[in-house]
Structures are given as structure tokens and as C-alpha cells.
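Student: Have a look at this one before I ask anything.
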Amino acid sequence: MSSRDVVLGRIRRALADVPRQETPEDVAVVRDYRRDDSPGDPVAVLAERLADYRAAVHRCAEAEVAPVVARLLAARGARSVVVPDGLPEEWLAGVPEEVRRVPDEAGLTPHDLDAVDSVVTGCAVAIAETGTLVLDAGPGQGRRRVTLVPDHHVCVVRVPSQVAGSVPQALERLDPGRPLTWISGPSATSDIELSRVEGVHGPRTLEVVLAEP
């Protein structure tokens, strides 16, 4: 007997008492998931989980986002930065004029984006439990490609308002009809010998600015 036969047999036994004419819509499924298993302060947990994923975490007041972003781009030596539509103008107020702003336009190709040094975005929600940033292409977040191609991503998270303690809590805030990008640290992969390589499927460097009111 194959593994497939075993699995299908279990499914048949589990459905043995279900009338053949019954459809999934006929029975309401109780979804009383646990909403929050994160211990302690969600913002502190988020910062810890992000650091575990090798993201660089910077905490500041919301009024200090501009100098922090300017410092991060300068430290990177960025000469160009993608600016998604709807990104708060004040976040880039400290960036020198000689740093080229690249609007997130439909005509941008992966080749174009590969030539850009950095991208600055906001997010839809950040999940403390898993250290995950979720972008939904809303204002200030841009198309998915702008957070996958440039090698340096600076993401600003307004805390605590944009922080959800757990995945179920985050899902309640998200629209499944939107293009969701889930980011847990910089892009990384490992081969069979567990040699870690970063930057293969997305930015090599992820910096998260936790902006408090």
C-alpha cells in the first residue's frame, strides 16, 4: 500500500458519516482560532523576531523617520531610491537631492529596478509572533516587484498601530483580494549542505524602522 493510498483511506474514513448530497456550504465551520500567543509587548517581540531573521531594526519617534531613513541610505551609499506612490513625503525629507528618486511606475522593468540601489516603503501590517512584514500594494508600499528586485529595502512600520500580535490577528486586518507580500527577514536560501546564501529571491539587506508616535 502506497502513502497515497494511506492518506486517501484516512480521508474516506473521516467522511464516512457525511451524506453524499451535503456540500461544504451546508455546514458552518467554527474558526475560533487562538488570536494571540505572543508573550509580552508585541512591539518588543516584533523587534526581537526581526533581529532573529537578520533584519536590522531601528526604533525612533515618528518625527525622526526622515533623518533615520536618510542615514540608512547614506550608509548604504545609495545613489537612487524607488519611491512608491503614496509614500509620505516627509520620510524622504532628509535625503539629499542628488539621490535620484525613481517613481514606482508600471513601465519599470526588473532590469530597471536592478539598477536602483534602495527602496523605501511602508507596510500594511507587521506580525510580532513571526517577525513578518506584510505589504498589500497599498499607499506607500508599491508593486511587489519593487520590494523583490532592489538589493536594499527600508520598511517603515508605525508602532504599535500597525503591529498584530499573531497571524490570525493579522489576517483579520488584511484583504485576501489584494496582492500580499509576506517578508520575514532578508531573502535567504540554503543548499543541501546548509550553506546560507542571501539575496537570491529578494533584497539582501532588510532594514526596519519602528516609528512610535
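Student: I'm told GLY40 meets every condition in (1) open to solvent by 60 Å² or more (accessible area, probe 1.4 Å); (2) at pLDDT 95 or above except one. Can you identify the failing condition by its number?
Tutor: (2)
Student: Could you please find all residues in segment 130-158 being open to solvent by 20 Å² or more (accessible area, probe 1.4 Å), closer than 11 Å to TRP182 by Cα and either in contact with a Leu (Cβ under 6 Å, 6 or more places away or on another chain) or acidic (Asp, Glu) (or both)?
Tutor: Across segment 130-158, the qualifying residue is only ASP136.
Student: Now for a separate question. Being open to solvent by 80 Å² or more (accessible area, probe 1.4 Å), part of a helix (DSSP H, G or I), more than 30 Å from GLN169 (Cα to Cα) and free of Cβ contacts under 8 Å to residues at least 24 places away in the same chain narrows it down to one of ARG20, ARG12, so name that one.
Tutor: ARG12
Student: Still on this model: Go through segment 144-156 and give me each residue that's assigned to a strand (DSSP E or B) and either touching a residue at least 60 places away in the same chain (Cβ under 8 Å) or farther than 18 Å from GLU89 by Cβ (or both).
Tutor: HIS152, HIS153, VAL154, VAL156
Student: Here is a list of conditions, (1) open to solvent by 50 Å² or more (accessible area, probe 1.4 Å); (2) under 28 Å from SER166 (Cα atoms), and ALA126 meets all of them except one; can you say which number that is?
Tutor: All conditions are met except number (1).
Here's the yes/no breakdown for (1) in contact (Cβ under 8 Å) with a residue 12 or more places away in the chain; (2) touching a Leu at 6+ places or on another chain (Cβ under 8 Å):
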| residue | (1), (2) |
| --- | --- |
| ALA56 | yes, yes |
| ALA63 | no, no |
| ALA66 | yes, yes |
| LEU72 | yes, no |
| ARG79 | yes, no |
| VAL82 | yes, yes |
| PRO88 | yes, no |
| TRP91 | yes, no |
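Student: Among the residues of segment 63-102, count how many are touching a Lys or Arg at 6+ places or on another chain (Cβ under 7 Å) and either under 23 Å from VAL125 (Cβ atoms) or open to solvent by 10 Å² or more (accessible area, probe 1.4 Å) (or both).
Tutor: Here the count works out to 4.
The values are calculated or read from the model by the stated rules, or taken from the named source; none is laboratory data. Treat the numbers as computed from the prediction; the structure is a model and nothing was measured. Positions of Cβ are generated from backbone atoms using ideal geometry, with glycine treated the same way; all protein chains shown enter the neighbour counts. The protein model used for the area step is the full one, side chains on, heavy atoms only, and it has no ligands, DNA or RNA in it. Shrake-Rupley method; radii C 1.70, N 1.55, O 1.52, S 1.80 Å.
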